[in-house]
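The values are calculated or read from the model by the stated rules, or taken from the named source; none is laboratory data. Since we're looking at a predicted model, the values are computed, not measured. Ideal geometry is used to build each Cβ from the backbone, glycine not excepted, and the neighbour counts take in all protein chains shown. All accessible areas refer to the heavy atoms of the entire protein, side chains included, with ligands and DNA or RNA removed. Shrake-Rupley method; radii C 1.70, N 1.55, O 1.52, S 1.80 Å.
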Amino acid sequence: MSLTELFKHKTVFSLEVFPPKKTSPTEAILPTLTRLQSLNPDFISVTLGAGGTDHCDGTVEIANLIQNKLNIPAVSHVPGLYQTKEQVLALLDRLDSINVKNILALRGDRIAGKQPAGDFTHANELVKFVKEQRLDFTVASACYPNCHTEAAGFVDDLAHLKEKVDAGADHLISQLFFDNQAFYDFKEKTEIAGINVPIEAGIMPCTNKNQIERITQISGVPIPKKFAAIMDRYQDSKEAMLDAGIAFAVDQIIDLVSQGVDGIHLYTMNNSKIAKRIWDETESVFAASDLSKQKANS
């Protein structure tokens, strides 16, 4: 069953990891992956540096571990801005050789002082290229409930998102957000725009103030008053901030699943302990949701 088909049968639960530092061997992440395996994720995505194929070795090796050692579907990030068509094809060939046929097609972050390759200015061009060249690949893409920082506004952002879906994106994974209402409003806008593919909600458990401020500065995602109050109250207690950050993420997930979200994509930051605590608190909610969906489909 393809990942896209999976959304018809259950509330998808997936995870994201990133390669260890270049000074560490790829196998250093295996204990983390093994612990994440116990969460029974529907797939695990692996990030790729925006700099092109010179950054992809670790990603391919980790995707291989996930797909063939842990027997969990792997999704490899493929940013296109600094890659040529030939480089993308070479990367797809490497993934195909290890039976990884799921990718997340992205434009990729801009790198100051580096000239884009010129073949893929926007993600929709990469999506279209991959769907033309690899008919058996499933292609996911990104979306932004709080609007992309470079978009002129929601109308502009949705127009670009529609282009990605029309180019062949099979499903979407959202950027992190802290206000569920922003996601619900976004979903309503996508339906009006005729975007009818599954959309996973991206959730990142934030457990220290510096991490949160760094993430929000990069992503432009606003911090709601409720979470700002948590940071102000517990920022000086590492244990309390950890518990509060996990509780906030759990609350987000329970609300989203109860509202019929297509799936949850948990940005683990390679912290399997936090991911497990969240799964332990929400596993029964996913199970009840899946049972409800199965009854509706029967």
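Some points to look at:
- GLN87 being polar (S, T, N, Q), in a helix (DSSP H, G or I) and more than 25 Å from ASP262 (Cβ to Cβ): yes
- Test result for ILE223, touching a helix residue (DSSP H, G or I) at 6+ places or on another chain (Cβ under 8 Å) and open to solvent by 20 Å² or more (accessible area, probe 1.4 Å): yes
- Restricting VAL100, VAL75 to those that are out of contact with any Leu (no Cβ under 9 Å at 6 or more places or on another chain) and β-branched (Val, Ile, Thr) reduces the list to VAL100.
- Selection from the range 127-143 of residues that are out of contact with any helix residue (DSSP H, G or I) (no Cβ under 6 Å at 6 or more places or on another chain) and closer than 25 Å to PHE177 by Cα: ALA140, ALA142
- Number of positions in the range 111-144 that are touching a Leu at 6+ places or on another chain (Cβ under 7 Å), without any contact (Cβ under 8 Å) to a residue 40 or more places away in the chain and assigned to a loop (DSSP other than H, G, I, E, B): 1
- From the list ALA201, ALA169, the one residue that fits, being within 30 Å of ALA240 (Cβ to Cβ) and touching a residue at least 40 places away in the same chain (Cβ under 8 Å), is ALA201.
- Out of THR11, THR23, THR34, THR84, sole residue that is among the polar types (S, T, N, Q), on the phi < 0 side of the Ramachandran plot and open to solvent by less than 10 Å² (accessible area, probe 1.4 Å): THR11
- Within the range 104-115, not a single residue is under 20 Å from GLU27 (Cα atoms), polar (S, T, N, Q) and either modelled with pLDDT under 95 or open to solvent by 30 Å² or more (accessible area, probe 1.4 Å) (or both).
- Per-region count, the range 167-183, residues open to solvent by less than 10 Å² (accessible area, probe 1.4 Å) and at positive phi: 0
- Conditions (1) assigned to a strand (DSSP E or B); (2) open to solvent by 10 Å² or more (accessible area, probe 1.4 Å); number of the one not met by VAL78: (2)
- Within this structure, GLU200 passes the test of being under 30 Å from LEU30 (Cβ atoms), crowded, with 17+ Cβ neighbours inside 10 Å and among the charged types (D, E, K, R).
- Looking at ILE246, ILE230, ILE254, just one residue is closer than 30 Å to GLN37 by Cα, without any contact (Cβ under 8 Å) to a residue 40 or more places away in the chain and either surrounded by 19 or more Cβ atoms within 10 Å (Cβ to Cβ) or among the β-branched types (Val, Ile, Thr) (or both), and that residue is ILE254.
- Scope the range 130-152; condition open to solvent by less than 20 Å² (accessible area, probe 1.4 Å) and out of contact with any Asp or Glu (no Cβ under 6 Å at 6 or more places or on another chain); matching residues: VAL130, PHE137, ALA140, SER141, ALA142, CYS143, PRO145
- Where helices (runs of 4 or more DSSP H) fall entirely within the range 189-298, those with at least 1 residues that are within 28 Å of GLY168 (Cβ to Cβ) are at 209-219, 238-258, 272-297.
- Verdict on GLU5 being over 25 Å from ILE274 (Cα atoms) and either at pLDDT below 95 or surrounded by fewer than 21 Cβ atoms within 10 Å (Cβ to Cβ) (or both): yes
- Test: residue in the range 207-217 that is out of contact with any helix residue (DSSP H, G or I) (no Cβ under 8 Å at 6 or more places or on another chain), polar (S, T, N, Q) and open to solvent by less than 30 Å² (accessible area, probe 1.4 Å): yes
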